[in-house]
């Protein structure tokens with residue numbers, strides 16, 4: 001089982017939108033990334049990344065709200081292994097399965113379990129009920145059998161339930177792949193009422209030509225998300241500092257920014273009103289710890305609005321600012337100081353004080 005788990009790590013994709021994050025997986029022969037429709041939402045573009053893929057924007061090619069499936073165009077040049085889809089209706093109660101995904105941003109997590117019930121009807125769809133632990137962030141990831149074949153797409157859990165997870169059977173995925181094939185490379189949409197598949201560009205009035213129901217179609221192939229309030233100010237600051245804000249989004253209130261060897265995480269807590277920026281630098285060494293701590297304390301005395309702290313073994317450089325007191329000009333200075341000094345201090349602490357480099361973050 002370990003062999004195919006290692007293989008799947010190369011095809012598992014992390015997906016981020018302005019609304020949240022989820023999981024997807026590549027089907028090399030189709031040139032598509034499979035995920036849930038609720039992961040991509042109404043976004044015509046999403047941020048994708050993986051072990052063999054640097055973070056970039058990718059177009060959503062197919063929205064299937066009826067079956068909660070979506071297909072994303074695989075970026076050009078991706079070299080990933082091919083994974084197989086199982087024969088429909090091949091599962092039985094008691095069969096062993098593995099769910100793979102990014103629960104709670106813990107990337108490439110694999111959880112093992114069994115099929116509790118092969119067919120559990122919910123909203124007129126048959127689901128595979130499993131006892132393998134799946135959590136927020138797992139949505140869109142593959143459910144795999146002991147032969148390494150995809151048997152389902154992990155879709156939802158029952159809140160408060162003890163390992164009550166549900167996966168959409170591969171039957172629905174195969175049907176959606178086949179239905180989409182005739183219009184491949186054009187943005188398609190399945191009517192959630194009658195199941196009719198239409199090409200978004202050919203539909204100007206947002207009504208299904210088959211049954212007449214009103215549809216919520218993405219307007220075009222360009223992401224139209226417009227942040228408001230604190231998120232708008234934070235994104236304005238990030239953009240003015242030369243970062244691609246679309247690639248930085250990790251949800252409505254979270255951003256991840258690479259700066260040299262450091263990674264900066266920005267979070268807005270709507271309840272408290274505070275904006276927090278954390279740059280996780282290197283780690284505390286095993287020797288010369290006293291000298292390093294003395295240096296951090298001296299720098300804390302000299303820093304303006306930035307503070308060093310230690311979390312477990314991580315050395316963290318942070319700022320904390322109240323949103324209603326933040327103006328664009330001061331925000332630019334605070335954010336820029338954190339971005340630049342994070343990279344600077346990371347190098348100084350490693351080269352001069354023996355701090356240990358962090359392992360590179362997984363995409």
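Going by what's in this entry, would residue 233 be described as touching a helix residue (DSSP H, G or I) at 6+ places or on another chain (Cβ under 8 Å) and farther than 29 Å from residue 358 by Cα? Answer is yes for this residue.
Filtered by the rule that a residue be within 18 Å of residue 16 (Cβ to Cβ) and either at pLDDT below 90 or surrounded by fewer than 18 Cβ atoms within 10 Å (Cβ to Cβ) (or both), segment 233-244 gives 239, 244.
Among the criteria (1) out of contact with any strand residue (DSSP E or B) (no Cβ under 6 Å at 6 or more places or on another chain); (2) not in a strand (DSSP E or B), the one residue 247 does not fulfil is (1). At pLDDT below 95, in a strand (DSSP E or B), in the same structural domain as residue 23 (by TED's automatic domain parsing) and crowded, with 17+ Cβ neighbours inside 10 Å: is that true of residue 198 in this structure? Yes, satisfied. Can you tell me which residue within segment 89-111, out of those that are modelled with pLDDT under 85 and not in a loop (DSSP other than H, G, I, E, B), is farthest from the chain's Cα centre (by Cα)? Among residues in segment 89-111 that are modelled with pLDDT under 85 and not in a loop (DSSP other than H, G, I, E, B), the one farthest from the chain's Cα centre (by Cα) is 109.
Taken over segment 250-273, residues that are surrounded by 15 or more Cβ atoms within 10 Å (Cβ to Cβ) and in a strand (DSSP E or B) amount to 13.
Scanning segment 305-325 for residues that are in a helix (DSSP H, G or I), exposed (fewer than 14 other Cβ atoms within 10 Å of the Cβ) and in contact (Cβ under 8 Å) with a residue 40 or more places away in the chain yields a total of 1.
For segment 118-131, the set of residues classified as within 20 Å of residue 147 (Cα to Cα) and modelled with pLDDT of 90 or more consists of 128, 129, 130, listed by residue number.
Would you confirm whether or not segment 326-341 contains a residue that is in the same structural domain as residue 252 (by TED's automatic domain parsing), surrounded by 13 or more Cβ atoms within 10 Å (Cβ to Cβ) and more than 15 Å from residue 238 (Cα to Cα)? Scanning segment 326-341 turns up at least one residue that is in the same structural domain as residue 252 (by TED's automatic domain parsing), surrounded by 13 or more Cβ atoms within 10 Å (Cβ to Cβ) and more than 15 Å from residue 238 (Cα to Cα).
The values are calculated or read from the model by the stated rules, or taken from the named source; none is laboratory data. This structure is a prediction, so every number in the text was calculated from the model and none was measured. Quick reminder, even Gly has a Cβ in these numbers, built from the backbone with ideal geometry, and neighbours come from all protein chains shown.
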